[in-house]
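J.: The structure is given below, and queries will be raised subsequently.
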Amino acid sequence: MRKQWGTLDKGTPTPRTRPRPLYANASTNSSIASVRVLTTYTPKSNRMTSEMPHSTTPESTPAEESSAAPSQGDAIKIEPETQDVAMDDAPTPAAADKSKASLEELFDDEDSDEEFASSAPAPTSQEDASQPAPIKITSKSSFSDPDVMRAFYQRLFPFRPLFQWLNHSATPTNDFAHREFAFTLPNDAYLRYQSFPTADLLRKQCINMLPSRFEIGPMYSTNPRDRKTLRKASSFRPLMKELVFDIDMTDYDDIRTCCTGANICLKCWGFITMAIKTIDVALREDFGFKHILWVYSGRRGAHAWVCDKRAREMDDQKRRSVASYLELLKGGDQGGKRVHAWRPLHPHLERSLDILKEHFQTTILAEQDPWATEEKAAHLLNLIPDSTLKAALQKKWDSAPSRPSASKWADIDALAKSGALSKSPKDLREAKQDIILEYTYPRLDAEVSKKLNHLLKSPFVIHPGTGRVCVPIDTTKVEEFDPLSVPTVTQLLQEIDDWSGEETDKKMQDWEKTSLKPYVDYFRRFVAGLVDEEKPALKREREEGADAMEF
C-alpha cells in the first residue's frame, strides 16, 4: 500500500508517521524523517576541487569568472583522466502507443531534419560548416580524433531531446537559456558558464569547439554569459537543478576482488546494479519522485538525475537531508565495522535488505568470494560480536584455509547451532544483517548530491577514457545492462557506414541506424513523460502572466 506523504521545509516529502531512526545514536531532530547520520563523509582526495564532474561554482567570486567565448573564458588545467561522477520506468506497450503522438510533436517537428540534418553530403566552402562531412572509420581511428568527435556531434548526439529535457517545454524558456554548460576541450582547457538559448546553438558550439565532454550545471538567476554585467555579484545565483547522485566503483575497492581502480567487469558491475535498485525504489517510495534518469558514466559508475520539479527546486539543506537519509556506511576501509543501525530496522533498511539478500548470495558470496584470503576472513571475524563463536570459526578456518566464502558464511550458523554461541541468536542475526548491508548497500559519493551548484557530466557525451557513450539505463531492465557492450563512438560511426536499410518517406536520423537507437528512444520517452507532466503548470504560469499584464 502506498504511503501517505506530508511536506517538510516547503516541499521535502517525508512520511506522516514519525519513523524510527536508521542509525544507532541518531538524533531525532534531523530535518528529514527525524533521522540524522552521525558520521561525517570522507571525500576522496581533492575530489571536489580537481575532478571536473563535480566542479562547483565559486560562491564568493562569480564576477571574476571568464566570459563565454573560448578566447575569453576561464581555462584551467585538468587531469586527462577524471573521476566519473530516478530513471523513470519505461512505459508499458499501451502507454508507449498513447505517447507516440506527443513524442512526434516534441521531437519531429517540421524544422527537425533541416536544423539537425543527418547523412548530409560533404559541405562546400559556401555551406554551413556544421553539416556532416563524410568520414572514413578505420581500425586505427581513435575516439579522440577531431574528425570523429565532429562527426559524433553532427550525426549522433541527441541535442533536441536534451534541450526538451532541460527546458521542460517545447517553447524555449530560461530553464534552458540560463543553464550553465561547462566544456572540457581537447587541450584540457575547462570553460565554465557557457549558455545557449536553443539546442541548435549548443550543437553548433559543440561542432566548433569539439569538447571531449561537457557538463551540466544549474539554471541561474540570469544568463551566465551576462554575469559580469551585473552591478552586484550576489545577484548571480543558482536557482534550480536536478537532484543528482553518483555511484563510483572505486568506492567498492575494499570489497570487490575481481578488479581494482578504473577496471570493471560484469562481476563487479553487480555492485552498481544493487545500488541502482536500492536507491531508485527509495527515491520513489519514500520521497514520491517519479522522473528519475539513471545514466551510465561511461566507465565504472552510474549517475542519477531526479528531474521532478520539487527535486529541481530543492535548496542545499533539503539536498543534504535526502543524501543523509540514503547514507548508511561510515568510516573508511581500515577494517572496522561500518554499519551501526538502530533495531528494529528502519523501514527503508528493511526494504533494502529484502532487495539485497538475493544479490548477497550471488554477487558477493559466489562471484566476489570476499573472504577467500586469511586477511579478509579476519575482517569477517571482527564483524561477529560473539567471542565464543568467533574462536570456533577461527579454529575451523585455520584447519581449512581454502574454504570458499559461501562455506565460511554457512559455518557461522552451523557452529552457532552446535552450541558455540555465548550471546543470543537475536544478536547473531542482527550482526549478520549488518554484514550483508556492509557488503551490498549503495556507497554514494554524497557530496555530489548536497550542493545545488554541482556540475555533472551530460548524458550521451563520450567518456574520454573509454570512448563509450554515457547512455541511459532502463531501470526495468537494470540487471540486463552490460557496460562492456555499450557502444563506442567509433563503433557507431562505423555502423552508419555499414547501414544497408532502405530510406522511408520520413528521413531517418543517423542515430536510428545504429545501436544507439534504443538508448535515444528510451531518453525520448522519459523526456516526453516529464514535459507532459509539467504542461499544466506552465500553462497556468503563462495565464497568470497574461492576467498581470491586463489593466
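What follows is calculated from the coordinates using simple rules that are stated; it is not laboratory data. Small disclaimer: the values here were computed from a predicted structure and weren't measured. Virtual Cβ from ideal backbone geometry, glycine too; neighbours counted across all protein chains shown.
J.: So what's the gap between the Cα centers of segment 313-382 and segment 458-507, to the nearest angstrom?
T.: 33 Å
J.: Oh, and also: If the chain between Ala410 and Glu350 were fully stretched, how many nm would it gain, using 0.36 nm times the residue separation less the Cα-Cα distance?
T.: Numbers: separation 60, 0.36 × 60 = 21.60 nm, distance 2.20 nm.
Here the answer is 19.4 nm.
J.: Fewest to most neighbouring Cβ within 10 Å: what's the order for Ser169, Ser297, Ser212, Ser424? Walk me through the numbers on the way to the answer.
T.: Values: Ser169 16, Ser297 24, Ser212 20, Ser424 10.
Arranged by neighbour count, lowest to highest, Ser169, Ser297, Ser212, Ser424 become Ser424, Ser169, Ser212, Ser297.
J.: Ranked by Cβ crowding within 10 angstrom, fewest neighbours first, how are Val471, Val527 ordered? Please report the intermediate quantities before stating the final value.
T.: Numbers: Val471 22, Val527 27.
Ascending number of Cβ neighbours within 10 Å: Val471, Val527.
J.: May I pose another question? 7 Å from Cα along Cα→Cβ at both Lys267 and Gln394: what's the point-to-point distance in nm?
T.: Rounded to a tenth, the inter-label distance reads 2.9 nm.
J.: Let me understand segment 227-295 better: what is its radius of gyration from the alpha carbons, and its Dmax, in angstrom?
T.: Computed over the Cα atoms of segment 227-295, radius of gyration and Dmax are 18.6, 56 Å.
J.: Here's something else I'd like to know. Going by average Cβ density within 10 Å per residue, which order do the peptides 409-417, 489-497 take, highest to lowest?
T.: Values: 409-417: 16.7, 489-497: 20.3.
My ranking of the peptides, most packed first, is 489-497, 409-417.
J.: Explain nothing, just compute: Karplus ³J(HN,Hα) = 6.51 cos²θ - 1.76 cosθ + 1.60, θ = phi - 60°, for every residue of segment 154-167 in order, whole Hz, x for Gly and Pro.
T.: With coefficients 6.51, -1.76 and 1.60, one gets 6, 10, 10, 5, x, 5, 5, x, 4, 4, 4, 5, 7, 8 Hz.
J.: Continuing with this model, one more query. Of Lys408/Lys477; Lys395/Lys432; Lys390/Lys426; Lys330/Lys376; Lys277/Lys432, which pairs sit farther than 28 Å apart, going by alpha carbon to alpha carbon? Don't skip to the end; give the middle numbers.
T.: Numbers: Lys408/Lys477 32 Å; Lys395/Lys432 20 Å; Lys390/Lys426 16 Å; Lys330/Lys376 19 Å; Lys277/Lys432 21 Å.
Pairs exceeding 28 Å: Lys408/Lys477.
J.: While we're here: About its Cα centre, how strong a charge dipole does segment 316-433 have in debye, to the nearest 20, once Lys and Arg get +1 and Asp and Glu get -1 at the Cβ?
T.: With only Lys, Arg, Asp and Glu charged at Cβ, the dipole is about 380 debye.
J.: Are there trypsin sites (Lys or Arg not before Pro) in segment 434-530 that DSSP puts in a loop and that have at most 16 other Cβ atoms within 10 Å, and which ones? Walk me through the numbers before you get to the answer.
T.: Numbers: sites: Arg443, Lys450, Lys451, Lys457, Arg468, Lys477, Lys506, Lys507, Lys513, Arg524, Arg525; in loops: Arg443, Lys450, Lys451, Lys506, Lys507.
Qualifying residues, ordered by number: Lys506, Lys507.
J.: Taking the Cα centre of segment 188-345 as origin, work out the dipole magnitude from +1 charges on Lys and Arg Cβ and -1 charges on Asp and Glu Cβ, in debye rounded to 20. List each step's numbers first, then the result.
T.: Values: 28 positive and 19 negative charges, 104 e Å.
Dipole about the Cα centre, nearest 20: 500 debye.
J.: Here are some pairs, Lys232/Lys457; Lys267/Lys318; Lys241/Lys517; Lys267/Lys357; Lys232/Lys535; Lys204/Lys232; which of them have Cα atoms lying more than 24 Å apart in this structure? Please report the intermediate quantities before stating the final value.
T.: Working: Lys232/Lys457 30 Å; Lys267/Lys318 35 Å; Lys241/Lys517 27 Å; Lys267/Lys357 17 Å; Lys232/Lys535 34 Å; Lys204/Lys232 32 Å.
As for pairs spanning more than 24 Å Cα to Cα, those are Lys232/Lys457; Lys267/Lys318; Lys241/Lys517; Lys232/Lys535; Lys204/Lys232.
J.: Then there's this: Could you list Ile364, Ile279 in order of exposure, starting from the residue whose Cβ has the fewest other Cβ atoms within 10 Å? Kindly include the intermediate steps, with their values, before the conclusion.
T.: Details: Ile364 26, Ile279 23.
Ordered by Cβ neighbours within 10 Å, fewest first: Ile279, Ile364.
J.: Once fully extended, how much extra length lies between Glu502 and Ser387, figured as 0.36 nm per residue of separation less the alpha-carbon to alpha-carbon distance? Present the calculation step by step, with values, prior to reporting the outcome.
T.: Values: separation 115, 0.36 × 115 = 41.40 nm, distance 7.22 nm.
Full extension of this stretch gives 34.2 nm more.
J.: Per Stokes-Einstein, at 20 °C and 1.002 mPa s, what whole-number D in µm² s⁻¹ belongs to segment 347-440, with the Kirkwood radius over Cα pairs as the hydrodynamic radius? Walk me through the numbers on the way to the answer.
T.: On the way: Rh = 13.6 Å.
Rounded to a whole number, D works out at 157 µm²/s.
J.: Quote to one decimal, in nm, the extra length available between Asp254 and Lys535 on full extension: 0.36 nm per residue of separation minus the C-alpha distance between them. Walk me through the intermediate numbers first.
T.: Details: separation 281, 0.36 × 281 = 101.16 nm, distance 4.68 nm.
Stretched fully, the Asp254-Lys535 segment lengthens by 96.5 nm.
J.: Between Lys232 and Thr173, what FRET efficiency follows from the Cβ-Cβ distance if R0 is 25 Å, with the result rounded to 0.05?
T.: E(calc), rounded to 0.05, equals 0.55.
J.: Starting from the alpha-carbon convex hull of segment 237-341, give the projected area averaged over all orientations, in nm². Please list the in-between numbers first.
T.: On the way: hull surface 31.9 nm².
Computed as one quarter of the Cα hull surface, the answer is 8.0 nm².
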